[in-house]
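Notes for the one structure printed next.
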Amino acid sequence: MIIKFTADGKTVSAQRGYTILQALSYANIDVPHLCSYKINSTNTFEEKNNLLRCRLCVVKVKKKNEESYSLKYACNEIVENGMSVLNNNDEDIIKYRTALLNSILYMHKPICESCDADYICRLKKYLDIYNISIEASENASADNINIDEIKSIISNIGLPEYIKADYDRCISCGICEDYKTICGYSSMIADFCPTHVFYAVRPIDDKIKDDLSKPKSIRSFCIGCNSLCDADYIYINNSIKDISSPFGKKYGLCDYGRKMDYYSNNTFELPLNNGIQCNFKDAKDMYLKFMEDIDIDSCLGIYSSMYPIEDIKAFDELIYSNGILNIICKKNRMATNSEVIRDNYTNINDFSIKELKNKDYDANINDDKYSKYIILGDVLDDNNDEIISFSKKHKGNYIVFSPCFSVLAYNAYLAFPISGLGEFSGHYIDRHGKKKEMPSFLKINKNRLNLRDLLKYLYL
(Lines give C-alpha, C1' and ligand atoms only; values in the text may rest on other atoms or scores of the structure.)
Protein backbone atom coordinates (compact mmCIF):
# COMPACT_ATOMS: atom_id res chain seq x y z
CA MET A 1 0.00 0.00 0.00
CA ILE A 2 1.32 3.44 -0.96
CA ILE A 3 1.29 6.20 1.66
CA LYS A 4 1.28 9.87 0.63
CA PHE A 5 2.43 12.70 2.89
CA THR A 6 4.18 16.05 2.58
CA ALA A 7 7.71 17.04 3.58
CA ASP A 8 8.39 20.78 3.63
CA GLY A 9 5.40 21.20 1.34
CA LYS A 10 6.53 18.57 -1.19
CA THR A 11 4.33 15.49 -1.74
CA VAL A 12 6.18 12.22 -1.07
CA SER A 13 5.03 8.65 -1.72
CA ALA A 14 6.30 5.74 0.38
CA GLN A 15 5.56 2.14 1.22
CA ARG A 16 3.36 1.44 4.19
CA GLY A 17 5.42 0.74 7.31
CA TYR A 18 8.34 2.96 6.32
CA THR A 19 9.72 5.37 8.85
CA ILE A 20 9.98 9.04 7.91
CA LEU A 21 13.74 8.60 7.61
CA GLN A 22 13.39 5.66 5.24
CA ALA A 23 10.73 7.34 3.13
CA LEU A 24 12.58 10.62 2.70
CA SER A 25 15.93 8.90 2.08
CA TYR A 26 14.44 6.82 -0.75
CA ALA A 27 13.06 10.09 -2.17
CA ASN A 28 16.60 11.58 -2.06
CA ILE A 29 15.65 14.03 0.68
CA ASP A 30 18.37 14.22 3.29
CA VAL A 31 17.35 14.01 6.93
CA PRO A 32 20.48 14.55 9.06
CA HIS A 33 21.38 11.32 10.83
CA LEU A 34 24.49 9.47 11.99
CA CYS A 35 22.90 6.04 12.18
CA SER A 36 21.91 3.72 9.36
CA TYR A 37 18.21 3.15 8.80
CA LYS A 38 19.15 0.17 6.59
CA ILE A 39 20.05 -1.93 9.62
CA ASN A 40 17.49 -0.57 12.08
CA SER A 41 14.16 -2.25 12.71
CA THR A 42 11.20 0.06 13.15
CA ASN A 43 9.48 0.49 16.51
CA THR A 44 12.13 -1.36 18.52
CA PHE A 45 14.22 1.61 19.58
CA GLU A 46 13.11 1.70 23.20
CA GLU A 47 14.37 -1.84 23.63
CA LYS A 48 17.89 -1.07 22.39
CA ASN A 49 20.15 1.38 24.11
CA ASN A 50 22.42 1.74 21.07
CA LEU A 51 19.69 3.08 18.78
CA LEU A 52 18.36 6.61 18.75
CA ARG A 53 21.84 7.50 19.90
CA CYS A 54 22.50 10.43 17.57
CA ARG A 55 18.93 11.89 17.63
CA LEU A 56 19.88 14.22 14.78
CA CYS A 57 16.89 13.15 12.72
CA VAL A 58 14.45 15.21 14.78
CA VAL A 59 11.63 16.63 12.64
CA LYS A 60 8.29 18.27 13.26
CA VAL A 61 5.24 16.15 12.52
CA LYS A 62 1.56 16.99 12.24
CA LYS A 63 -0.74 14.05 11.60
CA LYS A 64 -3.95 14.25 9.60
CA ASN A 65 -6.26 14.97 12.53
CA GLU A 66 -3.84 17.06 14.58
CA GLU A 67 -3.83 20.86 14.76
CA SER A 68 -0.19 21.51 15.70
CA TYR A 69 3.26 20.13 15.04
CA SER A 70 5.23 18.10 17.56
CA LEU A 71 8.87 17.03 17.61
CA LYS A 72 9.51 13.43 16.53
CA TYR A 73 12.49 11.32 15.54
CA ALA A 74 12.34 10.48 11.83
CA CYS A 75 13.91 7.05 12.42
CA ASN A 76 11.15 6.10 14.87
CA GLU A 77 8.00 7.57 13.34
CA ILE A 78 5.99 5.60 10.76
CA VAL A 79 4.58 7.60 7.83
CA GLU A 80 0.82 8.00 7.58
CA ASN A 81 -1.51 9.31 4.89
CA GLY A 82 -2.02 13.06 5.18
CA MET A 83 0.93 13.53 7.51
CA SER A 84 2.87 16.81 7.25
CA VAL A 85 6.61 16.81 8.05
CA LEU A 86 8.93 19.77 8.58
CA ASN A 87 12.57 18.84 8.03
CA ASN A 88 14.41 22.02 7.00
CA ASN A 89 14.21 25.76 7.60
CA ASP A 90 12.52 25.47 10.98
CA GLU A 91 14.16 27.46 13.76
CA ASP A 92 13.43 24.93 16.51
CA ILE A 93 14.83 22.04 14.46
CA ILE A 94 17.97 23.98 13.53
CA LYS A 95 18.65 24.88 17.18
CA TYR A 96 18.10 21.29 18.30
CA ARG A 97 20.40 19.80 15.65
CA THR A 98 23.07 22.44 16.23
CA ALA A 99 23.10 21.67 19.95
CA LEU A 100 23.43 17.93 19.29
CA LEU A 101 26.32 18.40 16.85
CA ASN A 102 28.12 20.61 19.32
CA SER A 103 27.67 17.93 21.99
CA ILE A 104 29.31 15.37 19.69
CA LEU A 105 32.33 17.66 19.32
CA TYR A 106 32.34 18.14 23.09
CA MET A 107 32.34 14.41 23.82
CA HIS A 108 34.74 13.32 21.07
CA LYS A 109 37.83 15.26 20.08
CA PRO A 110 37.52 15.81 16.31
CA ILE A 111 40.37 15.09 13.89
CA CYS A 112 38.66 16.74 10.92
CA GLU A 113 41.57 19.00 10.00
CA SER A 114 43.91 16.03 9.46
CA CYS A 115 41.35 13.52 8.22
CA ASP A 116 41.27 12.46 4.55
CA ALA A 117 37.68 11.16 4.80
CA ASP A 118 36.35 14.70 4.43
CA TYR A 119 34.43 14.09 1.20
CA ILE A 120 32.34 11.23 2.54
CA CYS A 121 32.08 11.97 6.28
CA ARG A 122 28.46 12.70 7.19
CA LEU A 123 29.48 14.36 10.46
CA LYS A 124 31.67 16.87 8.60
CA LYS A 125 28.85 17.39 6.10
CA TYR A 126 26.38 18.38 8.84
CA LEU A 127 28.95 20.52 10.64
CA ASP A 128 29.32 22.49 7.41
CA ILE A 129 25.56 22.72 6.82
CA TYR A 130 24.93 24.13 10.30
CA ASN A 131 28.07 26.30 10.23
CA ILE A 132 29.68 24.71 13.28
CA SER A 133 33.41 25.12 13.92
CA ILE A 134 35.41 21.88 13.92
CA GLU A 135 37.70 23.16 16.66
CA ALA A 136 37.50 20.98 19.74
CA SER A 137 36.21 22.20 23.05
CA GLU A 138 38.86 22.59 25.76
CA ASN A 139 37.03 19.86 27.68
CA ALA A 140 36.72 17.51 24.71
CA SER A 141 37.90 13.99 25.41
CA ALA A 142 40.67 12.51 23.28
CA ASP A 143 39.68 9.03 24.42
CA ASN A 144 36.70 6.95 23.36
CA ILE A 145 35.73 4.66 26.20
CA ASN A 146 33.85 2.34 23.83
CA ILE A 147 36.72 1.65 21.40
CA ASP A 148 37.87 -1.64 22.93
CA GLU A 149 34.30 -2.95 22.87
CA ILE A 150 33.86 -1.84 19.26
CA LYS A 151 37.15 -3.46 18.22
CA SER A 152 35.98 -6.73 19.77
CA ILE A 153 32.70 -6.55 17.83
CA ILE A 154 34.50 -5.83 14.57
CA SER A 155 36.92 -8.74 15.05
CA ASN A 156 33.92 -11.09 15.25
CA ILE A 157 32.40 -9.72 12.03
CA GLY A 158 35.33 -10.95 9.95
CA LEU A 159 35.97 -8.01 7.62
CA PRO A 160 37.97 -8.63 4.41
CA GLU A 161 41.68 -7.98 4.75
CA TYR A 162 41.53 -4.92 2.51
CA ILE A 163 39.04 -3.15 4.81
CA LYS A 164 40.95 -1.12 7.41
CA ALA A 165 39.75 0.94 10.38
CA ASP A 166 40.76 4.33 11.79
CA TYR A 167 39.15 4.36 15.22
CA ASP A 168 40.18 7.99 15.83
CA ARG A 169 37.19 8.86 13.62
CA CYS A 170 34.74 6.89 15.75
CA ILE A 171 31.91 8.81 17.45
CA SER A 172 30.21 5.75 19.04
CA CYS A 173 27.19 5.99 16.76
CA GLY A 174 26.03 2.46 17.64
CA ILE A 175 26.08 0.98 14.13
CA CYS A 176 28.79 -1.58 14.90
CA GLU A 177 26.76 -3.07 17.77
CA ASP A 178 23.78 -3.58 15.47
CA TYR A 179 25.66 -4.60 12.33
CA LYS A 180 24.67 -7.97 10.91
CA THR A 181 25.61 -9.27 7.49
CA ILE A 182 25.85 -12.37 5.36
CA CYS A 183 29.08 -13.89 4.11
CA GLY A 184 30.39 -11.99 1.13
CA TYR A 185 28.94 -8.62 2.17
CA SER A 186 30.93 -7.83 5.33
CA SER A 187 32.56 -4.79 3.73
CA MET A 188 29.20 -2.98 3.54
CA ILE A 189 29.97 -1.56 6.98
CA ALA A 190 32.14 0.94 5.07
CA ASP A 191 28.93 2.36 3.57
CA PHE A 192 27.06 2.52 6.87
CA CYS A 193 29.68 4.18 9.06
CA PRO A 194 28.88 7.93 9.13
CA THR A 195 32.45 9.08 9.81
CA HIS A 196 34.17 6.62 7.48
CA VAL A 197 35.98 4.68 10.19
CA PHE A 198 36.11 1.73 7.77
CA TYR A 199 37.66 2.14 4.35
CA ALA A 200 39.18 0.04 1.57
CA VAL A 201 42.93 -0.09 0.98
CA ARG A 202 43.74 -1.42 -2.47
CA PRO A 203 47.01 -1.74 -4.46
CA ILE A 204 45.64 0.83 -6.92
CA ASP A 205 45.34 3.50 -4.20
CA ASP A 206 49.12 3.79 -3.84
CA LYS A 207 49.37 5.12 -7.39
CA ILE A 208 46.76 7.86 -6.96
CA LYS A 209 48.50 11.22 -6.50
CA ASP A 210 45.59 13.52 -7.36
CA ASP A 211 44.34 16.32 -5.13
CA LEU A 212 41.52 14.79 -3.09
CA SER A 213 39.98 18.06 -1.99
CA LYS A 214 37.47 18.21 -4.84
CA PRO A 215 36.36 14.66 -5.69
CA LYS A 216 33.47 13.93 -8.00
CA SER A 217 30.89 11.16 -7.91
CA ILE A 218 28.88 9.40 -10.59
CA ARG A 219 26.14 6.77 -10.33
CA SER A 220 26.90 3.76 -12.51
CA PHE A 221 27.37 0.04 -11.79
CA CYS A 222 30.01 -2.45 -10.69
CA ILE A 223 31.45 -4.63 -13.48
CA GLY A 224 32.76 -7.32 -11.12
CA CYS A 225 30.27 -9.92 -12.36
CA ASN A 226 27.09 -10.38 -14.37
CA SER A 227 24.95 -8.89 -11.60
CA LEU A 228 26.07 -5.34 -12.58
CA CYS A 229 24.96 -3.96 -9.20
CA ASP A 230 24.40 -0.19 -8.94
CA ALA A 231 27.43 1.62 -7.55
CA ASP A 232 28.80 5.11 -7.03
CA TYR A 233 32.31 5.84 -8.32
CA ILE A 234 34.33 8.53 -6.54
CA TYR A 235 36.95 9.92 -8.91
CA ILE A 236 39.38 12.76 -9.52
CA ASN A 237 40.52 13.66 -13.04
CA ASN A 238 42.40 10.60 -14.32
CA SER A 239 41.66 8.00 -11.68
CA ILE A 240 38.97 6.34 -9.63
CA LYS A 241 39.42 6.83 -5.89
CA ASP A 242 36.67 4.66 -4.43
CA ILE A 243 33.50 2.72 -5.10
CA SER A 244 30.53 2.55 -2.74
CA SER A 245 26.95 1.36 -2.51
CA PRO A 246 24.39 3.97 -3.62
CA PHE A 247 22.77 5.74 -0.70
CA GLY A 248 19.17 4.65 -0.20
CA LYS A 249 19.46 1.39 -2.12
CA LYS A 250 18.22 -1.76 -0.42
CA TYR A 251 21.22 -3.85 -1.44
CA GLY A 252 24.89 -2.87 -1.47
CA LEU A 253 28.18 -3.93 -2.99
CA CYS A 254 29.56 -7.35 -2.21
CA ASP A 255 33.16 -7.96 -1.13
CA TYR A 256 34.07 -8.91 -4.72
CA GLY A 257 33.02 -5.63 -6.24
CA ARG A 258 34.28 -3.32 -3.50
CA LYS A 259 37.82 -4.66 -3.76
CA MET A 260 37.93 -3.42 -7.40
CA ASP A 261 40.40 -6.02 -8.64
CA TYR A 262 39.13 -5.18 -12.11
CA TYR A 263 40.53 -1.65 -12.04
CA SER A 264 44.01 -0.13 -12.16
CA ASN A 265 45.33 3.33 -12.89
CA ASN A 266 48.76 1.95 -13.79
CA THR A 267 48.17 2.89 -17.42
CA PHE A 268 50.38 3.52 -20.43
CA GLU A 269 49.88 5.84 -23.41
CA LEU A 270 52.13 4.64 -26.27
CA PRO A 271 52.44 1.20 -27.89
CA LEU A 272 55.16 -1.14 -26.66
CA ASN A 273 57.29 -3.30 -28.94
CA ASN A 274 58.99 -5.99 -26.84
CA GLY A 275 58.74 -3.67 -23.85
CA ILE A 276 60.07 -0.58 -25.63
CA GLN A 277 57.88 2.42 -26.47
CA CYS A 278 57.20 3.16 -30.13
CA ASN A 279 54.87 5.44 -32.07
CA PHE A 280 51.47 4.37 -33.39
CA LYS A 281 52.52 4.46 -37.05
CA ASP A 282 55.39 2.00 -36.56
CA ALA A 283 53.23 -0.15 -34.27
CA LYS A 284 50.51 -0.28 -36.94
CA ASP A 285 53.00 -1.54 -39.57
CA MET A 286 54.33 -4.19 -37.18
CA TYR A 287 50.78 -5.23 -36.30
CA LEU A 288 49.77 -5.76 -39.93
CA LYS A 289 52.96 -7.78 -40.59
CA PHE A 290 52.28 -9.94 -37.52
CA MET A 291 48.72 -10.64 -38.69
CA GLU A 292 49.90 -11.54 -42.21
CA ASP A 293 52.32 -14.15 -40.88
CA ILE A 294 50.02 -15.99 -38.47
CA ASP A 295 48.94 -19.58 -39.01
CA ILE A 296 45.23 -19.58 -38.21
CA ASP A 297 45.36 -23.14 -36.83
CA SER A 298 48.10 -22.30 -34.32
CA CYS A 299 46.73 -18.92 -33.25
CA LEU A 300 44.49 -18.42 -30.23
CA GLY A 301 42.33 -15.41 -29.39
CA ILE A 302 41.93 -14.67 -25.67
CA TYR A 303 39.72 -11.95 -24.26
CA SER A 304 38.56 -10.65 -20.95
CA SER A 305 34.84 -10.17 -20.51
CA MET A 306 35.24 -6.95 -18.50
CA TYR A 307 34.83 -4.62 -21.47
CA PRO A 308 31.66 -3.13 -23.03
CA ILE A 309 29.75 -5.41 -25.33
CA GLU A 310 30.70 -3.17 -28.28
CA ASP A 311 34.41 -3.90 -27.69
CA ILE A 312 33.79 -7.61 -27.16
CA LYS A 313 31.97 -7.72 -30.50
CA ALA A 314 34.80 -5.78 -32.16
CA PHE A 315 37.39 -8.25 -30.84
CA ASP A 316 35.20 -11.17 -31.85
CA GLU A 317 34.92 -9.70 -35.37
CA LEU A 318 38.70 -9.23 -35.50
CA ILE A 319 39.34 -12.88 -34.69
CA TYR A 320 36.62 -14.14 -37.03
CA SER A 321 37.60 -11.94 -39.99
CA ASN A 322 41.17 -13.23 -39.83
CA GLY A 323 39.98 -16.84 -40.03
CA ILE A 324 41.04 -17.71 -36.51
CA LEU A 325 38.78 -20.45 -35.19
CA ASN A 326 40.15 -20.79 -31.67
CA ILE A 327 39.06 -18.35 -28.99
CA ILE A 328 38.70 -18.39 -25.22
CA CYS A 329 36.93 -16.03 -22.85
CA LYS A 330 38.98 -15.47 -19.70
CA LYS A 331 37.13 -15.50 -16.38
CA ASN A 332 37.41 -12.58 -14.01
CA ARG A 333 39.83 -13.49 -11.27
CA MET A 334 38.23 -11.74 -8.32
CA ALA A 335 40.38 -12.23 -5.23
CA THR A 336 38.35 -12.15 -2.01
CA ASN A 337 38.15 -13.84 1.34
CA SER A 338 34.43 -14.43 0.85
CA GLU A 339 33.08 -17.96 0.76
CA VAL A 340 30.30 -16.89 -1.58
CA ILE A 341 30.64 -18.37 -5.07
CA ARG A 342 29.53 -15.86 -7.67
CA ASP A 343 29.21 -15.84 -11.44
CA ASN A 344 32.72 -14.78 -12.40
CA TYR A 345 31.96 -13.73 -15.94
CA THR A 346 31.00 -10.18 -16.86
CA ASN A 347 29.05 -9.38 -20.02
CA ILE A 348 29.14 -13.02 -21.15
CA ASN A 349 25.81 -14.76 -20.75
CA ASP A 350 22.95 -16.20 -22.79
CA PHE A 351 21.69 -12.71 -23.62
CA SER A 352 24.97 -11.06 -24.61
CA ILE A 353 26.64 -13.67 -26.84
CA LYS A 354 23.83 -14.12 -29.36
CA GLU A 355 25.47 -11.76 -31.86
CA LEU A 356 29.01 -13.11 -31.46
CA LYS A 357 30.33 -15.14 -34.38
CA ASN A 358 32.61 -17.26 -32.20
CA LYS A 359 30.69 -19.16 -29.58
CA ASP A 360 33.14 -21.98 -28.81
CA TYR A 361 35.14 -21.16 -25.69
CA ASP A 362 36.63 -24.60 -25.05
CA ALA A 363 40.19 -23.79 -26.17
CA ASN A 364 42.99 -24.53 -23.70
CA ILE A 365 45.38 -21.64 -23.19
CA ASN A 366 48.20 -24.07 -22.32
CA ASP A 367 47.81 -26.27 -25.40
CA ASP A 368 51.21 -26.60 -27.11
CA LYS A 369 49.68 -26.38 -30.57
CA TYR A 370 49.31 -22.60 -30.17
CA SER A 371 52.31 -20.45 -31.04
CA LYS A 372 50.70 -17.04 -31.61
CA TYR A 373 48.13 -15.19 -29.53
CA ILE A 374 45.91 -12.11 -29.82
CA ILE A 375 44.73 -10.93 -26.42
CA LEU A 376 42.25 -8.43 -25.04
CA GLY A 377 43.78 -8.17 -21.57
CA ASP A 378 43.30 -6.35 -18.28
CA VAL A 379 44.92 -5.70 -14.91
CA LEU A 380 44.08 -9.17 -13.60
CA ASP A 381 47.02 -10.51 -15.56
CA ASP A 382 49.49 -9.33 -12.93
CA ASN A 383 47.55 -11.09 -10.17
CA ASN A 384 47.72 -14.57 -11.63
CA ASP A 385 50.77 -16.87 -11.64
CA GLU A 386 49.47 -18.68 -14.73
CA ILE A 387 49.43 -15.45 -16.78
CA ILE A 388 52.89 -14.43 -15.54
CA SER A 389 54.22 -17.84 -16.59
CA PHE A 390 52.40 -17.54 -19.91
CA SER A 391 53.84 -14.11 -20.70
CA LYS A 392 57.40 -15.29 -20.06
CA LYS A 393 56.99 -18.54 -21.99
CA HIS A 394 55.48 -16.81 -25.05
CA LYS A 395 57.46 -13.57 -24.86
CA GLY A 396 57.34 -11.76 -28.21
CA ASN A 397 54.74 -14.12 -29.71
CA TYR A 398 51.52 -12.30 -28.90
CA ILE A 399 49.73 -8.99 -29.29
CA VAL A 400 47.77 -7.55 -26.39
CA PHE A 401 45.26 -4.69 -26.15
CA SER A 402 45.15 -3.43 -22.58
CA PRO A 403 44.68 -0.23 -20.56
CA CYS A 404 47.28 -1.34 -18.03
CA PHE A 405 51.03 -1.61 -18.00
CA SER A 406 51.45 -5.18 -16.80
CA VAL A 407 53.71 -8.21 -17.12
CA LEU A 408 51.56 -9.27 -20.05
CA ALA A 409 52.03 -5.92 -21.82
CA TYR A 410 55.77 -5.75 -21.14
CA ASN A 411 56.47 -9.19 -22.64
CA ALA A 412 54.24 -8.78 -25.69
CA TYR A 413 55.51 -8.39 -29.23
CA LEU A 414 53.08 -5.48 -29.38
CA ALA A 415 51.02 -3.94 -26.60
CA PHE A 416 48.45 -1.32 -27.58
CA PRO A 417 47.01 1.04 -24.95
CA ILE A 418 43.21 1.18 -24.86
CA SER A 419 40.77 3.04 -22.64
CA GLY A 420 39.90 1.42 -19.33
CA LEU A 421 37.10 1.65 -16.80
CA GLY A 422 35.97 5.25 -16.48
CA GLU A 423 37.45 6.17 -19.86
CA PHE A 424 35.47 3.94 -22.19
CA SER A 425 31.74 4.13 -22.77
CA GLY A 426 29.50 1.31 -23.90
CA HIS A 427 26.90 -1.20 -22.85
CA TYR A 428 26.81 -4.19 -20.54
CA ILE A 429 24.13 -6.88 -20.39
CA ASP A 430 23.37 -8.47 -17.02
CA ARG A 431 22.38 -12.08 -16.41
CA HIS A 432 18.71 -11.15 -16.67
CA GLY A 433 19.14 -9.59 -20.10
CA LYS A 434 18.89 -5.99 -18.91
CA LYS A 435 21.09 -3.62 -20.89
CA LYS A 436 23.02 -0.96 -18.96
CA GLU A 437 25.12 1.89 -20.32
CA MET A 438 28.52 2.60 -18.81
CA PRO A 439 29.37 6.31 -19.23
CA SER A 440 32.82 7.80 -19.70
CA PHE A 441 33.62 10.01 -16.72
CA LEU A 442 37.43 10.22 -16.38
CA LYS A 443 39.55 12.71 -18.29
CA ILE A 444 40.01 11.38 -21.82
CA ASN A 445 43.51 10.58 -23.07
CA LYS A 446 43.70 10.92 -26.86
CA ASN A 447 46.23 8.09 -27.06
CA ARG A 448 43.95 5.63 -25.29
CA LEU A 449 41.07 4.84 -27.65
CA ASN A 450 38.41 2.28 -26.92
CA LEU A 451 39.16 -1.00 -28.64
CA ARG A 452 36.63 -0.66 -31.46
CA ASP A 453 38.06 2.72 -32.51
CA LEU A 454 41.66 1.49 -32.25
CA LEU A 455 40.87 -1.45 -34.55
CA LYS A 456 39.38 0.97 -37.10
CA TYR A 457 42.65 2.92 -37.04
CA LEU A 458 44.74 -0.22 -37.53
CA TYR A 459 42.80 -1.29 -40.62
CA LEU A 460 42.18 2.08 -42.27
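Per-structure values
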| read-out | value |
| --- | --- |
| Residue in region 112-119 that is modelled with pLDDT under 90, surrounded by 13 or more Cβ atoms within 10 Å (Cβ to Cβ) and of a type outside the set (A, V, I, L, M, F, W, C) present | yes |
| Selected residue (criterion: modelled with the lowest pLDDT) from residues of region 367-381 that are touching a helix residue (DSSP H, G or I) at 6+ places or on another chain (Cβ under 8 Å) and in a loop (DSSP other than H, G, I, E, B) | Gly377 |
| Residue within region 416-434 that is in a strand (DSSP E or B), open to solvent by less than 20 Å² (accessible area, probe 1.4 Å) and out of contact with any helix residue (DSSP H, G or I) (no Cβ under 8 Å at 6 or more places or on another chain) present | yes |
| Every residue from region 7-23 that is more than 9 Å from Ala74 (Cα to Cα) and open to solvent by less than 60 Å² (accessible area, probe 1.4 Å) | Ala7, Val12, Ala14, Gly17, Ala23 |
| Some residue of region 275-291 being assigned to a loop (DSSP other than H, G, I, E, B), in contact (Cβ under 8 Å) with a residue 60 or more places away in the chain and over 26 Å from Thr346 (Cβ atoms) | yes |
| Test result for Phe390, open to solvent by less than 50 Å² (accessible area, probe 1.4 Å) and either within 17 Å of Thr267 (Cα to Cα) or at pLDDT 95 or above (or both) | no |
| Answer residue from region 254-280, given it is open to solvent by less than 70 Å² (accessible area, probe 1.4 Å) and among the aliphatic types (A, V, I, L, M) and is farthest from Leu442 (Cα to Cα) among those | Leu272 |
| Any hit, region 435-458, residues being hydroxyl-bearing (Ser, Thr, Tyr), over 23 Å from Ser298 (Cα atoms), open to solvent by less than 20 Å² (accessible area, probe 1.4 Å) and touching a helix residue (DSSP H, G or I) at 6+ places or on another chain (Cβ under 9 Å) | no |
| Where a residue in region 185-202 is in a loop (DSSP other than H, G, I, E, B) and its partner, wherever it lies, is of a type in the set (Val, Ile, Thr), with Cβ under 7 Å and at least six apart | Cys193/Ile175; Thr195/Ile171; His196/Ile120 |
| Residue that is surrounded by the fewest Cβ atoms within 10 Å (Cβ to Cβ), among those in region 221-244 that are outside any strand (DSSP E or B) and out of contact with any strand residue (DSSP E or B) (no Cβ under 7 Å at 6 or more places or on another chain) | Asn237 |
| Qualifying residues in region 50-78 (those that are open to solvent by less than 10 Å² (accessible area, probe 1.4 Å) and of a type in the set (Val, Ile, Thr)) - the one farthest from His33 (Cα to Cα) | Val61 |
| Output for region 157-206, where each listed residue is under 17 Å from the mean Cα position of the chain (by Cα), of a type in the set (A, V, I, L, M) and open to solvent by less than 30 Å² (accessible area, probe 1.4 Å) | Ile163, Met188, Ile189, Ala190, Ala200, Ile204 |
| Unique residue being under 16 Å from Lys313 (Cα atoms) and hydrophobic (A, V, I, L, M, F, W, C) when the list is Leu454, Leu421, Leu460 | Leu454 |
| Selected residue (criterion: modelled with the lowest pLDDT) from residues of region 194-238 that are over 21 Å from Asp261 (Cβ atoms) and in contact with a helix residue (DSSP H, G or I) (Cβ under 6 Å, 6 or more places away or on another chain) | Pro215 |
| Condition met for Lys164 (more than 22 Å from Arg55 (Cα to Cα) and at pLDDT 85 or above) | yes |
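Rundown of residues vs (1) buried (at least 22 other Cβ atoms within 10 Å of the Cβ); (2) modelled with pLDDT of 85 or more, yes/no style:
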| site | (1), (2) |
| --- | --- |
| Lys249 | no, no |
| Gly252 | yes, no |
| Asp282 | no, yes |
| Met286 | no, yes |
| Tyr303 | yes, yes |
| Phe351 | no, yes |
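The values are calculated or read from the model by the stated rules, or taken from the named source; none is laboratory data. The structure presented is a predicted model; accordingly, all values stated were derived computationally and were not measured. No Cβ is skipped: glycine too gets one built from the backbone with ideal geometry, and neighbour counts run over all protein chains shown. SASA here: full protein model, heavy atoms, side chains in, ligands and nucleic acids out. Shrake-Rupley method; radii C 1.70, N 1.55, O 1.52, S 1.80 Å.
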